[in-house]
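Below: the structure, in structure tokens.
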Amino acid sequence: MRGLKIFSLGFFSYLALSLYANYFSENLRSTIYSRGLEPSMLLLGTVYALAFFAVFALGYASNLKLPSSLLAAFFLVLSLHDFPVFSILAVLVLIVYWLKVNPFRLFPQSALLVALLIPLALYIALGVPLFENSLRYELVGPLVLAAVLAVIGMAYSTISLRWKTFLMAIYAVLFFLGTFRSLVLLVYLAYFLSAYFDYPRLRKWLVGLSAAPVLVIVWMSGGMEGVLVRIGFTFLVFHNLVRLSLPWGFFHGALLFSDNPRHMVASLFGASTNYTYFFFGQPVADFGILGLIEAFLLGISLRTSEGRRGSFVVVLSLMMYSIDPGVDAFIMLFIVATLLFSVSGEDIT
């Protein structure tokens, strides 16, 4: 049950902060509601967040396993969100799988290297988002890919903790230059979980070590008030998605398969920027109450990942990262791929 316990800690901490921002601070509340979304006591959003979490936990506790054939089918379907490039890559990945080669185990150090080279190349060729804000959303896709590759490398690589700590510091600087605090958090989650499981004697030091990335994220947000506004507004977006999507969904799958789902959500409310929408925002917005099925499958996925340490670190890191921005097809592709190579891991090189 450790996966559910760790995820629950992050989930309910986030939920508590979101309710604090929307209920108990007049200054925060006025800032959060200044963008024009319908204000409310958020009771509807809270009830649905708890209901979806309960079904997620039920899926986790069910001990059901997703068969490899179903995972392969999910992987192909999710790749359609960026047809034909991702679909071709998905077919190649499945060919590698059928050849019984596990790239997660064979190339983790390469993943760590590529995760460094992607942002470096982008910054040299195009510029640094920290100094040219117009580049921020132009580079978001490659930077998210780099962060996910760093997560895979942290989870599966056997390099020493000293090297992982050094690389974590480098990634933090690179994603800080990219102005994406969530990516700093994502890579740190993978580093933290890898160290937590591999070095039990160091666990008491990891909490203190967590202060560094937390301070970086708070600073990038403009202080703790900025963090709370971000969290409170994200949950307000989720509440409004619930309000608009009952009972059978609003986007009917289009949000999951969008190449920019956060912009799609912002457009729904008349904004031209990107809105994060909470962990269960996409299932609700796409399928309404039928999104409970997706929540159940996500719970099964977390439990299935626990069969192997590497897959557990990857899936748990990606799910905890998605508590704020929400899940999308890109993140789901990596979750499903991780599970696909994990469930048959004993048969794969």
Inset, instruction - Just give me the residues in the stretch 1-56 being assigned to a helix (DSSP H, G or I), touching a residue at least 60 places away in the same chain (Cβ under 8 Å) and of a type in the set (Asp, Glu), in sequence order. - result: none
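Can you tell me which of PHE341, PHE330 is within 12 Å of the chain's Cα centre (by Cα) and either open to solvent by less than 10 Å² (accessible area, probe 1.4 Å) or in contact (Cβ under 8 Å) with a residue 60 or more places away in the chain (or both)?
After applying the criteria, what remains is PHE330.
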Legend entry - Qualifying positions in the stretch 57-102 - hydrophobic (A, V, I, L, M, F, W, C) and not in a helix (DSSP H, G or I): LEU64, LEU66, PHE83, LEU99, VAL101
Inset, instruction - May I ask you to list the residues in the stretch 217-246 that are of a type in the set (S, T, N, Q) and in contact with a Gly (Cβ under 6 Å, 6 or more places away or on another chain)? - result: SER245
Inset, instruction - Give the number of residues within the stretch 103-121 that are without any contact (Cβ under 8 Å) to a residue 40 or more places away in the chain and either over 20 Å from SER160 (Cα atoms) or within 19 Å of the chain's Cα centre (by Cα) (or both). - result: 3
Legend entry - Sole residue being surrounded by fewer than 18 Cβ atoms within 10 Å (Cβ to Cβ), of a type outside the set (S, T, N, Q) and modelled with pLDDT of 95 or more, chosen from VAL85, VAL114: VAL114
Legend entry - Residue, nearest to the chain's Cα centre (by Cα), within the stretch 92-102, restricted to residues that are of a type outside the set (Lys, Arg) and open to solvent by 70 Å² or more (accessible area, probe 1.4 Å): LEU92
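Quick one: which of LEU185, LEU189, LEU193 is touching a residue at least 40 places away in the same chain (Cβ under 8 Å), closer than 22 Å to TYR137 by Cβ and buried (at least 20 other Cβ atoms within 10 Å of the Cβ)?
The unique qualifying residue is LEU185.
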Legend entry - Looking only at the stretch 252-268, and only at residues there that are small (Gly, Ala, Ser) and surrounded by 18 or more Cβ atoms within 10 Å (Cβ to Cβ), the one that is modelled with the lowest pLDDT: SER258
Inset, instruction - Check TYR137, TYR123 and return the single one that is open to solvent by 60 Å² or more (accessible area, probe 1.4 Å) and among the hydroxyl-bearing types (Ser, Thr, Tyr). - result: TYR137
Inset, instruction - State yes or no: is GLY249 under 16 Å from VAL327 (Cβ atoms), in contact with a Gly (Cβ under 9 Å, 6 or more places away or on another chain) and open to solvent by less than 40 Å² (accessible area, probe 1.4 Å)? - result: yes
Legend entry - Residue list for the stretch 311-327, restricted to those being of a type outside the set (A, V, I, L, M) and open to solvent by less than 10 Å² (accessible area, probe 1.4 Å): SER311, PHE312, SER317, SER322, PRO325, GLY326
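Results for (1) modelled with pLDDT under 95; (2) open to solvent by 10 Å² or more (accessible area, probe 1.4 Å), shown as yes or no for each residue.
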position	(1), (2)
PHE280	no, no
PHE287	no, yes
LEU297	no, yes
ARG308	yes, yes
Legend entry - Count of the stretch 196-228 residues which are β-branched (Val, Ile, Thr) and open to solvent by 60 Å² or more (accessible area, probe 1.4 Å): 2
Legend entry - Residue under evaluation GLY222, criteria (1) without any contact (Cβ under 8 Å) to a residue 24 or more places away in the chain; (2) part of a loop (DSSP other than H, G, I, E, B); (3) closer than 20 Å to LEU316 by Cα, criterion not met: (3)
Inset, instruction - Output yes when any residue across the stretch 36-48 is buried (at least 18 other Cβ atoms within 10 Å of the Cβ) and at positive phi, and no when none is. - result: yes
Inset, instruction - Only one of these is loosely packed, with under 13 Cβ neighbours inside 10 Å and out of contact with any Lys or Arg (no Cβ under 6 Å at 6 or more places or on another chain): PHE131, PHE176. Name it. - result: PHE131
Inset, instruction - State which residue pairs qualify: first residue on the phi > 0 side of the Ramachandran plot and inside the stretch 166-180, second residue open to solvent by less than 30 Å² (accessible area, probe 1.4 Å) in any location, beta carbons under 8 Å apart, and separation of 6 or more residues or different chains. - result: THR179/PRO129
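The values are calculated or read from the model by the stated rules, or taken from the named source; none is laboratory data. This is a predicted model, so every value here is computed, not measured. Neighbour counts run over all protein chains shown; Cβ positions are idealised from the backbone, glycine included. These area figures cover heavy atoms from the full protein model, side chains too; ligands, DNA and RNA do not enter into them. Shrake-Rupley method; radii C 1.70, N 1.55, O 1.52, S 1.80 Å.
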